Amino acid sequence: MIEVQRLQAGVSLEGPHYIIQLIPVSSADSLGSPTVIVSVLARPALTGDDRNVRLEAYDVRHEFRLADIAVDAHEMRCLRVAHERAPLFREGFTLALEEGMAEQLAAYLPRIDLISLVATGVSEAVKPQLGRAPLPHEQAVIADVVASTVLDQSTPAQAMAFAMGLSSECVFSDTRGDHPDYAVLGAALRTPAVVAMLEDAQRGR
């Protein structure tokens, strides 16, 4: 039995012994950039520890393009080109999958990829109103809004109503007004062009 939990703008796929976390790359800056952060944790039932243990090395990038990730019924392979001029060499990891995990990966990997792509597009679209590129905490809110439309099928207005800022409080409200630190971003996210992008994301496009 695989349990699916929301994890910020991504998901945590939790099996009896392993957890696979899929997080969008909200700052993917060009076509072909990595769009999915993949982390694997071992659960206490496997390690005998009292907490989940992250298996990948912290000094190795675990950001992948969707095309770098292959999943079949028994195994996931995450192998990316490490050096642009040596494309035949790839680095990453493989994981033998617990029962039911392949189906969840097949369902959620394309959605996380979509969140990254749409969040990148929205970040570009709001630049004129912000007068600059979104700051990291603003990128996180944008990813949160996009994730709600893709993963929860929320409308743009619903997604904004539940978007959380740095202080873990909702930052947009049509009734109370937006948080001062996010007011300009809120206005930018409500423009027709951005709303149309979010509506497309809600429909899975």
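FYI, it's all coordinate maths here, none of it is from the lab. Being a predicted model, the structure only gives us computed values, none of them experimental. Here the Cβ positions follow ideal geometry from the backbone for every residue, glycine too, while neighbour counts run over all protein chains shown.
Rank the residues Ser123, Ser12, Ser116 as a footprinting-exposure proxy: fewest other Cβ atoms within 10 Å of their Cβ go first. Show your work: numbers first, answer last.
Values: Ser123 21, Ser12 18, Ser116 29.
If I rank by nearby Cβ atoms, fewest first, I get Ser12, Ser123, Ser116.
Where does the chain land at 222 nm, in deg cm²/dmol rounded to the nearest 500, when only DSSP H runs of n ≥ 4 count, each adding -39500 (n - 2.57), divided by all residues? Working shown, then result.
Working: 7 runs with 73 residues, N = 205.
-10500 deg cm²/dmol, from helical runs alone.
Given H placed 1.01 Å from N in the peptide plane, which residues other than close sequence neighbours of Tyr18 have an amide H under 5 Å from its amide H?
Here Arg43 satisfy the definition.
Rounded to a whole number of µm²/s, how large is the Stokes-Einstein D of region 110-202 at 20 °C and 1.002 mPa s, given Rh as the Kirkwood radius over C-alpha pairs?
Details: Rh = 12.8 Å.
Using the Kirkwood radius from Cα pairs, D works out to 168 µm²/s.
Mind jotting down the distance between the C-alpha centroids of region 140-162 and region 10-77, whole Å?
With region 10-77 and region 140-162 each reduced to a Cα centre, they are spaced 22 Å.
Amide H to amide H, which residues 5 or more places from Ala163 or on other chains are under 5 Å from it, using H placed in the peptide plane?
Val171, Phe172
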